[in-house]
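Inspection log for the structure reproduced underneath, given as structure tokens.
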Amino acid sequence: MAKQRTERNLLFPSKDFRDRVRSAAKERGFRSEQAFILAACQNEMERGDSTEALDDLEARIAATLANTGKQVQSLFTLVHAQIALTNSLLQYVLTCLVEPPEEVLPAARARAKARYAKILRLAGQEVATRNKATLEEVLASGEQQ
């Protein structure tokens, strides 16, 4: 029984290209140009299947990373807004306290700054277990003021 086969003539774009195919087939140990071309076609079809799966995986990973990045940015913005609001509220409360007489004003301001720093330290200690960097930033901000 003879093998069934389908034939197709192949037209090379240039003589140089055909020579390169011949030399590549010899270098890689193929018995003919045709065997080399068939192996190249088979490899390309297999690679195409895995490339599609890899492309799908990369797209899913990219979408997950983009979504995670948006969520982290939202949390970052929320935290900054919360810190700014708390800081403003605290400064407002400390500012709205009744002003002491002029002769004790510097001492009262010093006590207010000390209370403010103490509150910041307490707030920083509250979040210390969650985010050490935030603690350091809050404490540094309190010392600057």
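The values are calculated or read from the model by the stated rules, or taken from the named source; none is laboratory data. Here the structure is a predicted model, which is why all the values come from computation and not from measurement. Cβ coordinates were reconstructed from backbone atoms using ideal geometry, including for glycine residues, and neighbour counts include every protein chain displayed. These accessible areas exclude ligands, DNA and RNA; they are computed on the full protein's heavy atoms, side chains included. Shrake-Rupley method; radii C 1.70, N 1.55, O 1.52, S 1.80 Å.
Straight-line cross-link reach from residue 26 at under 23 Å between alpha-carbon atoms covers these lysines, not counting any fewer than eight positions away in the same chain: 15. For the pair segment 47-93 and segment 1-20, the centres of their Cα atoms are 53 angstrom apart. Based on the reciprocal of the average 1/r between different C-alpha atoms, the Kirkwood radius for segment 1-80 equals 17.3 Å.
Label-to-label distance for residue 38 and residue 117 is 8.6 nm, based on points extended 7 Å past Cα in the beta-carbon direction.
Ignoring lysines fewer than eight residues from residue 3 along the same chain, none have Cα atoms less than 22 angstrom from its Cα.
Could you please state how large a percent of the accessible area of segment 1-126 is carbon and sulfur, counting protein chains only and using a 1.4 Å probe?
Working: 6640 of 11240 Å².
The computed percentage sits at 59.
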